[in-house]
Protein chains: 2
Amino acid sequence: MPNAVTLIVHGHLFTMQGEGVGYVPDGAVAIEGTRLVAVGPTPALAARFPQANVIDATDCAVLPGLIDAHMHTQLAPLRGVAQDVSHWMQLALAPYDRHLSDEAALAGSRLNIIEALKAGTTTMLDYDTPVPGWAEFYQQVGVRARLAPVINALPPAGMAGWKVGDLYPFDEAAGRASIEAALAFARDWHGAAEGRITVMVGAHAPDMMPREMLLDVKRLAEREGLMIHMHVAQGDREIEQMMKRYGQRTPAYLDALGYLDEQLLAVHLTEATEEEAALIARRGAHMALCSGSIGIIDGIVPPAHAFHQAGGLVALGSDQACGNNCNNIFNEMKLTALFNKIRYRDPTVMPAWEVLRMATIEGARAVGLGDETGSLEEGKQADLILVNLRAPNLSPVLQSPIRNIVPNLVYAASGHEVELVMVAGRVLVQQGRVLTADEAAIRDEAQTQAEQVARRVAEDPLHHELALLEPMRRGWL
Amino acid sequence: MPNAVTLIVHGHLFTMQGEGVGYVPDGAVAIEGTRLVAVGPTPALAARFPQANVIDATDCAVLPGLIDAHMHTQLAPLRGVAQDVSHWMQLALAPYDRHLSDEAALAGSRLNIIEALKAGTTTMLDYDTPVPGWAEFYQQVGVRARLAPVINALPPAGMAGWKVGDLYPFDEAAGRASIEAALAFARDWHGAAEGRITVMVGAHAPDMMPREMLLDVKRLAEREGLMIHMHVAQGDREIEQMMKRYGQRTPAYLDALGYLDEQLLAVHLTEATEEEAALIARRGAHMALCSGSIGIIDGIVPPAHAFHQAGGLVALGSDQACGNNCNNIFNEMKLTALFNKIRYRDPTVMPAWEVLRMATIEGARAVGLGDETGSLEEGKQADLILVNLRAPNLSPVLQSPIRNIVPNLVYAASGHEVELVMVAGRVLVQQGRVLTADEAAIRDEAQTQAEQVARRVAEDPLHHELALLEPMRRGWL
């Protein structure tokens, strides 16, 4: 009978306990079942668990698994078809998005989940339509997931063909159907896979449903005890819609509706002012910051620093593969630190340790999982990663007078240095290979499905609106 | 007897010929000796070279090797000890730098070169003191190098202990010695290793030597037919020195000296205004843009877009491991595109194809190697890389209506997807492994040397000036 305890020993442990990074030299964690049962110096834990199965983490950083607070994994088949353009949604994404079949969406989601998992993401907040097989794959692959089925009142035909500046039409029947579908999904999946899978209410955005429907969604979320995962002030497009329809900018509108509380994970805040960001933070809502995607899509650095300074909790998100173009929290940590230094022209803003906390313990708290994950702490779920510090870009490792590991994890790592990923005590990635899914088959299926999507796009006259056709003609792509 | 021709077939070829990226589907290149002898569709080249040795590049992008226009490889032992601080040079770098022995510098340089090589950099402009073994390692490992021995008139004791705002003391004897050392180095190494190694004149910066010495350096470079590789307007520190000493900002000072011509590779331009950048470009000088390091050190996006718009050639550089913290041109391409979108709040600024050209053909021209490398073109040196597009973060691959490869190489790749690196017809990296050096031994030696440096720093009372001691005390590192 195998021993019930696994010990990971001799690591550079970053527990994220306390206010900093909680470093433990020559550190160890003990895992029993899905949980951490001890965290501390290797000699002490080795003495306490002499019969344990041992994983040697020499020359590795041992970190809590990373939290990705905002993904649209189903868009992975469209990786790289939408960036470097104005009006990203209308002139780049929409002509593709309307041809994304359920099969393509599922194939893309699988690819994206594998990509993120290999880069050390153990908790994924996925904001998508619940196509068949989506949640099942999360169950199979073994990561922690918070799934947010999309709720909006947009017409089923999608947004292609709408002119920039037009007020969106609402379709109330479609809106009701999306609420019903989300509710049914929550009943099936909230708390599934031994609690690894939970559900959030995926209100699309304040501009994408009528006021009454937005209020219904809030009541429903309260009744079901679910958090709301919603895009807020996500672009000038949204602010323009809100001003035209309600004469208010999004933050004031939501505040008047009583929407800004700890139940809300507010995604992006791209167009929020520093004052609006601080207001949202003071009301108790949390923020998902997608530095990479907002940088690519809008050329904007959202006011996360102001949100943070006002006492708000910030989590990091990688958003979608068509407009970022990767789903990798190491990438988001680096971009977040750098973009904010640039926004404030100050190299001391958003230091490495601060963004590492956003990617781990602060992010976990922001998404409502602070009691379960985000730090290496006795009693918490065993969600952790081992990062190889022998990689040339992470070497050398220095301890004193300045310890260099955290800065290098944030500024030099790319995620490919992740050697082992464990979620709820189960090893999902070992020596950089995914153990719980067939990566090559997933890649091939995503390729096949993406080619079919692209063929349908090419046959659709609407594709002539694509802003990137001109660069194609000029030989730039 | 082995066949003299190698064919790389079935790749997604980006030749960088013409004004765009020069895409060739199912493309091939033929290599004989150090040079490309044919570039074109696979069927045509396979018919022309039926006896060739074949490398299959199916599912790979084939690109010109990347150009890194500004590195300080010898600082690699200090990776991660200097960032997130104000006054980076004085309060973070200097207390370490003065304890960097020749042995440590060499060990660091080796590590950094391996790091960059694995990430697809085939041409390295290295700006350092010529310690014994430095150029020899470039010769051994097989990359293309342009080495710039540092010339300045700073006192040998280094900059530690100087107060922020003090005018630097000049030491004319040290200045003359650094010129002599550079000249001797150029005589030994310019054109060495079958022409792979060439030398540039590494004038440190306009503020780091007296006016007469700066003019001597220019005359010397003209006499020897060497380009000048110099930091220009690299920080508010420099501008302050120039104003105090000469009453002029750097660009006007250099223009008056006749310094701004095609012989000059002007590095950074951190503090240059858009007008100053445009002036430098119009005078014919070239620019090395280090987005990552200047973002970390200063929180600034240099005016490369204005330089480019004025007709200047821009190359990308990764700078040093203590303040970037990686040496990876994929990282620089991504940061350059994103930082400039943010600087101008415009997602169309610096599109993917533009920065890919900076990393290849435009970069090669900027550093004076445009006839030899930077594009896949008959007659040029066979400097190229294969990038695995089956990596999850680079999948799927789409061709039509929008080809997604270049955007994904810029925004999603990290450099770890580089499978094969060839320089001058020789394979240096295969399946991601370095063939011409012992990576593990190099890493171990860099670790040993770096620990010794750190020990000397800890014993030096000057280390109490380190700005990062406070974060250490607070448990943030």
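Taken together, the values in this text are just the output of simple stated rules run on the coordinates, not laboratory data. Model, not experiment: these values are computed from the prediction. All Cβ positions, glycine included, derive from the backbone under ideal geometry; neighbour counts span all protein chains shown.
What to note about this one:
- Fewest-first ranking of B:Ile239, B:Ile294, using other Cβ atoms within 10 Å as the exposure measure: B:Ile239, B:Ile294
- Prolate/oblate/rounded call for segment B:401-477, Cα gyration tensor, a/c under 1.5 rounded: oblate
- For the protein assembly as shown, adding -39500 (n - 2.57) for each run of n ≥ 4 DSSP H residues and dividing by the number of residues yields -10500 deg cm²/dmol at 222 nm.
- Shielding by other protein chains, A:94-101, mean Cβ within 10 Å: 1
- Amide H contacts of A:Arg426 (H built 1.01 Å from N, under 5 Å, at least 5 apart or other chain): none
- Where both bridge residues fall in chain A, DSSP classifies roughly 45% of the beta bridges as antiparallel.
- Quick note on segment A:192-269: its Rg to Rh ratio, both from C-alpha atoms and Rh being the Kirkwood radius, is 1.01.
- Stokes-Einstein D (µm²/s) once Rh is taken as the Kirkwood radius of the protein assembly as shown over alpha-carbon pairs, at 25 °C in 0.890 mPa s: 86
- Legend: ranking of residues A:Met230, B:Met89 from fewest to most surrounding C-beta atoms inside 10 Å; resulting order B:Met89, A:Met230.
- Per-residue ³J(HN,Hα) for segment A:240-249, Karplus 6.51 cos²θ - 1.76 cosθ + 1.60, θ = phi - 60°, Hz, x for Gly and Pro: 4, 4, 5, 5, 5, 8, 10, x, 9, 6
- Distant-in-sequence amide contacts of A:Lys380, defined by a placed amide H-H separation under 5 Å and a gap of 5 or more residues or a different chain, comprise A:Leu36.
- Compactness of segment B:307-445 - radius of gyration and Dmax, Cα, Å: 16.2, 50
- Rounded to 5, the percent of DSSP beta bridges in the protein assembly as shown classed as antiparallel: 45
- Mean per-residue shielding of peptide B:342-352 is 6, counting Cβ atoms of other chains within 10 Å of each Cβ.
- From the alpha carbon centroid of segment B:221-294 to that of segment A:102-170 is 49 Å.
- Cα centroid separation - segment A:325-399 against segment A:404-469, whole Å: 20
- Segment B:68-366 - percent relative contact order, Cα under 8 Å, separation 6 or more: 19
- Cα shape, segment B:218-340, gyration tensor, a/c 1.5 rule: prolate
- For A:Met227, the amide hydrogen comes within under 5 Å of the amide hydrogens of A:Val201, counting only partners 5 or more places away or on other chains and with H modelled in the peptide plane.
- In a reduced charge model with +1 at each Lys and Arg Cβ and -1 at each Asp and Glu Cβ, the protein assembly as shown shows a dipole moment near 20 debye about its Cα centre.
- In order along segment A:63-72, the phi-based Karplus estimate (6.51 cos²θ - 1.76 cosθ + 1.60, θ = phi - 60°) of 3J(HN,Hα) comes to 10, x, x, 7, 9, 10, 8, 7, 10, 10 Hz; Gly and Pro are listed as x.
- Inter-chain shielding of B:74-80 (mean C-beta neighbours from other protein chains, 10 Å cut-off): 6
- Phi to ³J(HN,Hα) by Karplus 6.51 cos²θ - 1.76 cosθ + 1.60 over segment A:380-397, Hz, x for Gly, Pro: 7, 4, 7, 10, 7, 9, 10, 10, 6, 7, 7, 3, x, 6, 10, 9, x, 9
- Seen through its C-alpha gyration tensor, with square-root eigenvalues sorted a ≥ b ≥ c, segment A:66-366 comes out rounded because a/c lies under 1.5.
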